[in-house]
Amino acid sequence: MNKKILITGGAGFIGSHVVRLFVNKYPDYRIFNLDALTYAGNLENIRDIQNAPNYTFIKGNIKDIDFINSLFQKHRFDAVIHLAAESHVDRSITHPNDFIETNVLGTANLLNAFRDTWKDNFKGKLFYHVSTDEVYGSLGKTGLFVETTSYDPQSPYAASKASSDHLVRSYGNTYGLPFVISNCSNNYGANQFPEKLIPLFIHNIKNNKALPVYGDGNYTRDWLYVIDHAIAIDEIFHKGENEETYNIGGFNEWTNLNLIHLLCELMDDRLHREKGTSAKLITFVKDRAGHDRRYAIDANKLNKELGWKPTVTFEEGLAKTLDWYLENEEWLKNVTTGSYQEYYKKMYGNK
Ligand code: NAD
Ligand code: DAU
């Protein structure tokens with residue numbers, strides 16, 4: 001066992017795919033998955049690897065300084081891949097402090113514990129911070145986010161992630177702490193909590209519920225299959241340059257309305273409904289406050305320097321995703337009972 005790696009947020013959507021990839025691909029690493037199991041964390045997401053000999057799950061909160069310090073003293077992690085975060089923009093609008101506490105203070109706790117563990121002997125160590133393209137703000141009709149695009153976060157979620165990115169870079173500059181940061185576009189795939197657009201709409205179509213489209217629906221996102229994000233993280237972790245930033249994206253822009261119509265068609269087909277049935281559920285609702293108009297990533301640096309590119313087309317990825325949600329009814333049922341119902345009512349009323 002030559003490396004101890006702490007992955008935070010590994011019971012969540014992206015984290016679970018990253019943990020699985022590292023546990024299966026690197027039997028010589030010891031992978032520790034630290035997760036508070038908030039509403040978004042779910043051990044079912046990683047049930048298949050729970051007994052792997054190189055894997056340990058730790059339930060704990062990155063907000064808890066004493067706990068984090070003692071965890072690092074005990075295990076002396078060689079590397080951290082930090083994904084734990086509050087991740088939903090709508091929740092950041094209603095509960096901004098949750099985002100500041102986890103995404104900003106929680107990241108600071110990890111950075112301090114990592115710095116204190118290795119002091120100035122950082123040889124062979126790495127803090128990998130997983131971030132988002134939302135730190136760059138909103139694009140106009142043209143142009144792409146590159147690694148040097150100025151930060152201009154527009155929601156409390158984006159501001160909390162931007163703030164954590166700045167903290168990571170400042171620890172590199174001030175303490176010589178080795179780091180890499182990646183900023184990724186919108187992910188989709190299995191195990192995404194049904195508060196985000198794609199799984200929410202799959203769930204609603206299946207249950208003949210309204211599809212709440214914010215504003216005019218002409219907002220653009222760049223979609224990437226989650227496993228391609230996990231592969232990019234693996235590449236950057238092993239081959240990325242110290243103190244560098246890498247943008248990750250799908251080269252795959254869609255307006256929400258076009259994507260929603262595609263989802264409706266694919267679901268009609270799978271549910272053996274007459275063409276056009278699901279699209280009747282589309283309902284325009286009040287816009288998200290401060291809604292960013294367009295995100296799109298230029299991932300050419302990652303492609304040219306590390307040879308990464310998406311392995312799955314959108315057509316394949318969406319098909320796999322829809323099939324996963326239709327085949328995993330129990331998973332969906334478990335996460336949409338209880339507090340989800342209250343959340344849904346507060347967000348969308350009785351629709
Ligand atoms: P998610 O909400 O599905 O999962 C977050 C995980 O973090 C959950 O398992 C949760 O239990 C855990 N967590 C939350 N607060 C915690 C705390 N205080 N202590 C310990 N664990 C805690 O999120 P996701 O969509 O998988 O995103 C993972 C990371 O990737 C986040 O940092 C997010 O900003 C970033 N990201 C997400 C996307 C996307 O499209 N989802 C795109 C780019 C970047
Ligand atoms: O760009 C990366 C980001 O992508 C990540 O950092 C975030 O963690 C992730 O949640 C995602 O943010 P978005 O806000 O883009 O994703 P969301 O799925 O919430 O919304 C996608 C688009 O769909 C956005 O324009 C808002 C719109 N939308 C969303 C919901 C939930 C609707 O029109 N109706 C809805 O009910």
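The values are calculated or read from the model by the stated rules, or taken from the named source; none is laboratory data. What you see is a predicted model; the values in this text were computed from it and never measured. When we count neighbours, we look across all protein chains shown, and the Cβ atoms used for this are built from the backbone with ideal geometry, even at glycine. Protein only, heavy atoms only, side chains kept; ligands, DNA and RNA dropped before computing areas. Shrake-Rupley method; radii C 1.70, N 1.55, O 1.52, S 1.80 Å.
Against the chain, whose longest principal axis is taken from its Cα atoms, helix 256-270 shows a tilt of about 70°. In percent, rounded to a whole number, the relative contact order of region 144-227 is 27, using alpha-carbon pairs under 8 Å and six or more apart. All Cα-Cα distances of region 208-291, cut into 5 Å bins from zero to the largest, leave 3, 12, 17, 15, 14, 14, 10, 8, 5, 2, 0 percent in each bin in turn.
Rounded to the nearest 10 square angstrom, Thr313 shows an accessible area of 70 square angstrom against a 1.4 Å probe. In this structure, the pairs whose alpha-carbon distance is over 24 Å, taken from Lys25/Lys239; Lys4/Lys119; Lys196/Lys239, are Lys196/Lys239. If you look at the Cα atoms of the chain, you get an Rg and a Dmax of 19.8, 65 Å.
I want the local charge near Asn187. Using Cβ-Cβ distances under 9 Å, sum +1 for each Lys or Arg and -1 for each Asp or Glu among the other residues. Charge balance in the 9 Å sphere: 0.
Summarise the accessible area of region 152-261 (1.4 Å probe, protein heavy atoms) by the percent that is carbon and sulfur. C and S fraction of accessible area: 46 percent. Note on region 96-211: Kirkwood radius taken over Cα pairs, Stokes-Einstein applied at 20 °C and 1.002 mPa s, translational D equal to 131 µm² s⁻¹. Residues Lys141, Lys125, Lys345 ordered from highest to lowest accessible area at a 1.4 Å probe: Lys141, Lys345, Lys125. The GluC sites (Glu not before Pro) of region 199-244 that DSSP puts in a loop, and whose beta carbon has at most 13 other beta carbons within 10 Å, are Glu241.
Among the trypsin sites (Lys or Arg not before Pro) in region 1-79, those placed in a DSSP loop whose Cβ has at most 14 other Cβ atoms within 10 Å are Arg76. In the chain, the longest principal axis of the Cα atoms and the axis of helix 339-348 are about 60 degrees apart. Ordering Ile202, Gly189, Ala232 by the projection of their Cα atoms onto the charge dipole of region 187-232, which places +1 on the Cβ of Lys and Arg and -1 on the Cβ of Asp and Glu, puts Ile202 at the extreme positive end.
Note on exposure: Leu126, Leu322, Leu105 ranked by accessible area (1.4 Å probe, complete protein assembly) read Leu105, Leu126, Leu322, with the most exposed listed first. For Glu330, the accessible area of its heavy atoms, probed at 1.4 Å with every protein chain present, is near 110 square angstrom.
From the Cα gyration tensor of region 220-351, with a ≥ b ≥ c the square roots of its eigenvalues, which class applies: rounded if a/c is under 1.5, or else prolate if a/b is larger than b/c, or else oblate? Prolate.
Charge dipole (Cα centre; +1 on Lys/Arg Cβ, -1 on Asp/Glu Cβ; no other charges) of the chain amounts to roughly 420 debye.
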